[in-house]
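Quick notes on the structure that follows.
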Amino acid sequence: MSTPQERSTTPSPPDGVRRVRPDRSRRRGAGKRFLVIGDVLDGVLVQTSAASTGDHDPSAVIRHRIVGAGGNTATWLGWLGAEVDLVARVGVDDVYRHERALEDAGVRPHIRYDVRSTTGSVVSMRNERGRTTMSDPAAAGRLTASDVPVEILARADIVHLTGAGVLAGGGADRIAELVALGRSAGAKVSLDPSSTAVVRIVGATAFLDALDGVDVLFPGADEARALAGTDDLHDAVRRLTTRVPLVVVTTGTQGALLGRAGRSPHRVAATPATVVDTLGAGDAFAAGFLRAWATDPVRVGAAAREGGRVAARALGFVGGRPPA
């Protein structure tokens, strides 16, 4: 059996170059520490006019990007000036490349690997009908609670769990294990189900049972419906708030639907945006929301508006991470 290892280095700019970051110390959430446990993947993003399999599109736009919900959320938190650590798994040959990309985005990486795993991959194809995504979690699917350094966990104020490969890879038991890990350190725990496919693989009932101890849930509209077992989104939110105190459902151009136990769902309008690509917008929303909510957990509407502002920024370019 291969033994997991960790490499973590102190960020350093190239020789003779002094990296200067904007002073965001006065931003909401300053002084809070975030720990993201999730996936880091290599992505092939395709924009095509092909309508079905068998079609050939010689003018497709194809881009290679580092993606994955865990890395996306962490780098948007870094972009906002937050103190953020990320625990993830990649293939042994890709550790340095992913560490440097995360460090350059203001994230402290704690990358695990073993010699039998490759880095997870995603192929995302988008045409006028919508998006089709295919993923191979590979190393990301092997991440467990034992991969999280105790000293990193001890100083986290908020632990955010996300990534289809991570959440589906070990089923409900792994989700419950990661939630319990966050709670054991006294941190607030947030979770993004990441995909309706994850809900289907884990099972809605088992998934809901694993959420015991989660403080904030970030499902998309389809994920909320799948988890709650109803097509009525408002009813889904009400049902989910019997399990999680705060439910924040992202609904695209309609903004976010906020649910709190014992209250009617409340909608917060989306920030106007020029949409180039929707990939990673939900991850950016979660980062913006958590950054604001960390300081003032009562003003959830204000946190949702901040999430919407960051998501609008993410919609303006291809790829799920902030522009360099």
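The values are calculated or read from the model by the stated rules, or taken from the named source; none is laboratory data. Just so it is clear, the structure is predicted and the values come from calculations on it, not from any experiment. Glycine also receives a Cβ, built like all others from the backbone with ideal geometry; neighbour counts cover every protein chain displayed. All accessible areas refer to the heavy atoms of the entire protein, side chains included, with ligands and DNA or RNA removed. Shrake-Rupley method; radii C 1.70, N 1.55, O 1.52, S 1.80 Å.
Determine the principal axes of the Cα atoms in region 184-316, then give the extent along each, sorted from largest to smallest and rounded to whole angstroms.
Principal-axis extents of region 184-316 (Cα, largest first): 38, 30, 29 Å.
Quick one: accessible area per residue over the chain, 1.4 Å probe, rounded to a whole number of Å²?
Per residue, the chain has an accessible area of 46 Å².
Work through the residues other than G182 whose Cβ is under 11 Å from its Cβ and net out their charges, Lys, Arg +1 and Asp, Glu -1.
Its environment carries a net charge of -1.
Report the GluC sites (Glu not before Pro) located in region 116-195 that are in a DSSP loop and have at most 16 other Cβ atoms inside 10 Å of their Cβ, or state none.
Loop-located and lightly packed - E128.
Select one label from (1) 20; (2) 34; (3) 15: the one whose number is percent of Cα pairs over 35 Å apart as derived from the coordinates shown.
(3)
In region 72-136, what percent of the accessible surface is made up of carbon and sulfur (1.4 Å probe, ligands and nucleic acids excluded)?
Using a 1.4 Å probe with all protein chains present, region 72-136 comes out at 46 percent carbon and sulfur.
Could you order V249, V275 so the one with the most accessible surface comes first? Probe is 1.4 Å.
V275, V249
Relative contact order for region 117-242 using alpha-carbon pairs under 8 Å, separation at least 6, rounded to a whole percent?
Value for region 117-242: 19 percent.
Below 15 angstrom from the Cβ of T48, what's the summed charge of the other residues (Lys, Arg +1; Asp, Glu -1)?
Residues near T48 contribute 0 overall.
Heavy atoms only, 1.4 Å probe, whole protein assembly: order R174, R263, R238 by accessible area, highest first.
So the residues, ranked largest to smallest area, are R263, R238, R174.
Residue by residue through region 307-318, what is 3J(HN,Hα) from phi via Karplus (6.51 cos²θ - 1.76 cosθ + 1.60, θ = phi - 60°)? Round to whole Hz and write x for glycine and proline.
x, x, 5, 5, 4, 4, 5, 5, 5, x, 8, 7
Put R260, R89, R97, R305 in order of accessible area, largest first, 1.4 Å probe: what do you get?
R305, R97, R260, R89
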